[in-house]
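Please read the structure below before turning to the comments.
The values are calculated or read from the model by the stated rules, or taken from the named source; none is laboratory data. Everything quoted here is computed from the prediction, not taken from an experiment. Every residue, glycine as well, gets a Cβ built from its backbone with ideal geometry; the counts of neighbours run over all protein chains shown.
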Ligand code: ATP
Ligand code: MG
Ligand code: MG
Ligand code: MG
C-alpha cells in the first residue's frame, strides 16, 4: 500500500518531502514529463524525469498504460494546472505495456467513442470518463447507506434467488441447477431443465420489496440495496437486465410520507455527490459541453450538468395526480416545433418516458411526482383508493430520464388484497407469507424502488445506462 494517493498528494501543502507513488502512465512528454494516474482522482501527477540520470533502456519502457513506481521529492510546480510535481530520483517499471499492443486498444491516447469503449469494458475504466463515472458511482453508493443509516433504517439483504415474482410482470430469469459436466438429458438427448432449483421453481429477483415488507413490519424502517434482474428484451438507454435497486420500506408511512422520503433521499445523495465528487463532476460537465459542440443546436442540453443537479436540489418536487397529468397531456397539442413529440394520452394508459419528460422539462419545469395511477396498470400490492379505480402509487420523474423511482403505499387490508390477487390471477398459496402480514398486526406501510444506475446516469450526465455500470448486462451481452 502506498503512503498517499495522488488525490491526497495533490492536496498536500508540504513540499520537499520524499514520496513514493505507483500508478499507470497516461502520457510521457518530451521524454521528461510523465503524467501518472493511480485512479484516486481524475487528475494526474506530473513526474519530472531528468533523462540524463536514467538509462535509455528504462525510459523506453515508460509507455502509455505501463504500471510504474516513482520515488522522488515533492516540489512546487512551475507548470500550469498543477501546484506540485515530483522530481523523480528512482523509477521502476512494475508492468510494461507494449506500444504496438496498446495501439490496438482503447488505451491508445486518442478519442474513442463510448460504443468502442463498451467493447473493451475491462480497459475502459482506465479512461478519464470511466474513472470519473465509477468513482462517482462508488460515492453515491456510500451516500445511499449513509442516508439510511443516519435516519435509523436497517439494511436488509433480500434474497437474490426467490420463488416470488414481486411485480407479477413475468420478466424473470429462471434459476437452473445444471451440473455442467453431467447435465440431465431427456430421451432425445436435449438438456432437461425441468428440475430447476432442485425440483422447485426459482427465479432471480426482480425486486426485494415483498421480502422487505416483512422486515419493515418488524423493524419499522428498512432498506435493501442489491442487484435485481429483469428479463426484459429492451434495448433502451435506460434499461438493463441486471441493475442495482434501492428499496426503502417503512411501517406506518402513508403515500405522502413516502413522497417526502423519496424527495429527501434523492436530494441528500445528489448533494453528497456534488460535495464529494467535485473534480469528477466538473470533468463530466466539460465532457458533455464538448460532446454538445458536435450536435445540432436543437439536440444540445439546455442545462449544464451541475445546473441540472442543482435543479433537483433547489426545486420542490411537484406532486401531480395521474388524472391531472393526463388532462395536461391531452390539452398540449403536439407541436412539431417543440423538442418532444408526444401523443395525446387517454386516461388508463401508462405514460411513456416522452410524456414524463414533457411534464418535467416543458410543463412544470420542476422534478415531478405523479401519484394515484389507474389500478390496472400497476402491481397487485398497491393500496386501492376509495374511488375503486386508482391506487396509491407514485413515480418520481426526472429531466432527461423520466421515471427514476416507482413506489406506493401497500395494500394493508387482508380482504382487499386477497380479492385483488384473485382478479389478477396471483396464487394465494404461493404468497401466503405475504398475506400473513395482513393477518398479524397489519398497518399502513409504504416504500419505493429507485434504480441505482438511473441515479448514477443522472448524476454523471451519461446518456446511456450501459456506461454507468462496470459490466452492463443487456440482451445477449454477458461476455464478462
Ligand atoms: P420503466 O417504466 O422505466 O420500465 P418500471 O416501472 O418497469 O420502469 P419499477 O418496477 O417501478 O420499474 O422499478 C423501480 C425502479 O427501478 C424504476 O423506477 C427504475 O428506476 C428502475 N428500473 C426498472 N427497470 C429497470 C431496468 N431494466 N434497468 C435499470 N433500472 C430499472
Ligand atoms: Mg419496466
Ligand atoms: Mg414504469
Ligand atoms: Mg415503475
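Considering only residues that are touching a helix residue (DSSP H, G or I) at 6+ places or on another chain (Cβ under 7 Å) and within 14 Å of ligand 3 (Cβ to nearest atom), which ones fall in the range 383-407?
391, 394, 396, 397, 398, 401, 402, 403, 404, 405, 407
Kindly establish whether residue 329 is part of a helix (DSSP H, G or I), in contact (Cβ under 8 Å) with a residue 40 or more places away in the chain and in contact with a helix residue (DSSP H, G or I) (Cβ under 9 Å, 6 or more places away or on another chain).
no
Tell me, yes or no, whether the range 83-98 has at least one residue that is modelled with pLDDT of 95 or more, farther than 30 Å from residue 16 by Cα and more than 34 Å from the chain's Cα centre (by Cα).
Yes, the range 83-98 contains at least one residue that is modelled with pLDDT of 95 or more, farther than 30 Å from residue 16 by Cα and more than 34 Å from the chain's Cα centre (by Cα).
Among the numbered criteria (1) more than 16 Å from ligand 3 (Cβ to nearest atom); (2) surrounded by 21 or more Cβ atoms within 10 Å (Cβ to Cβ); (3) part of a loop (DSSP other than H, G, I, E, B), which single criterion is violated by residue 301?
(2)
Within the range 204-227, can you find the residues that are within 16 Å of ligand 2 (Cβ to nearest atom), surrounded by 22 or more Cβ atoms within 10 Å (Cβ to Cβ) and without any contact (Cβ under 8 Å) to a residue 60 or more places away in the chain?
Of everything in the range 204-227, those that are within 16 Å of ligand 2 (Cβ to nearest atom), surrounded by 22 or more Cβ atoms within 10 Å (Cβ to Cβ) and without any contact (Cβ under 8 Å) to a residue 60 or more places away in the chain turn out to be 205, 206.
For the subset of the range 245-260 comprising residues that are assigned to a loop (DSSP other than H, G, I, E, B) and closer than 18 Å to residue 154 by Cβ, which member is nearest to the chain's Cα centre (by Cα)?
This residue is 253.
For residue 241, indicate whether it is within 20 Å of residue 160 (Cβ to Cβ), away from ligand 4 (no atom under 16 Å from the Cβ) and over 22 Å from the mean Cα position of the chain (by Cα).
So residue 241 fails the test.
Go over the candidates 435, 455 one by one and state the one that is in a helix (DSSP H, G or I) and either surrounded by 19 or more Cβ atoms within 10 Å (Cβ to Cβ) or within 16 Å of ligand 4 (Cβ to nearest atom) (or both).
455
What single numbered condition from (1) in contact with a strand residue (DSSP E or B) (Cβ under 8 Å, 6 or more places away or on another chain); (2) in contact (Cβ under 8 Å) with a residue 24 or more places away in the chain fails to hold for residue 35?
Going through the list (1) in contact with a strand residue (DSSP E or B) (Cβ under 8 Å, 6 or more places away or on another chain); (2) in contact (Cβ under 8 Å) with a residue 24 or more places away in the chain, residue 35 breaks only (2).
Restricting attention to the range 364-378, and to residues there that are more than 12 Å from ligand 4 (Cβ to nearest atom) and under 24 Å from residue 164 (Cα atoms), which single residue is modelled with the lowest pLDDT?
Checked the range 364-378; the qualifying residue modelled with the lowest pLDDT is 376.
Only one of these conditions is not met by residue 470: (1) crowded, with 17+ Cβ neighbours inside 10 Å; (2) more than 10 Å from ligand 1 (Cβ to nearest atom); (3) within 12 Å of the chain's Cα centre (by Cα). Which number is it?
Answer for residue 470: the failing condition is (1).
In the range 379-412, how many residues are part of a loop (DSSP other than H, G, I, E, B) and either more than 10 Å from ligand 4 (Cβ to nearest atom) or outside the structural domain of residue 436 (by TED's automatic domain parsing) (or both)?
Looking only at that region, the number is 13.
Looking at 284, 351 in this structure, which one is touching a helix residue (DSSP H, G or I) at 6+ places or on another chain (Cβ under 8 Å) and assigned to a helix (DSSP H, G or I)?
Being touching a helix residue (DSSP H, G or I) at 6+ places or on another chain (Cβ under 8 Å) and assigned to a helix (DSSP H, G or I) holds for just one of 284, 351, which is 284.
Would you confirm, using the coordinates I've provided, whether residue 245 is within 21 Å of residue 460 (Cα to Cα), outside the structural domain of residue 39 (by TED's automatic domain parsing) and within 16 Å of ligand 2 (Cβ to nearest atom)?
Judged against the criteria, residue 245 is a match.
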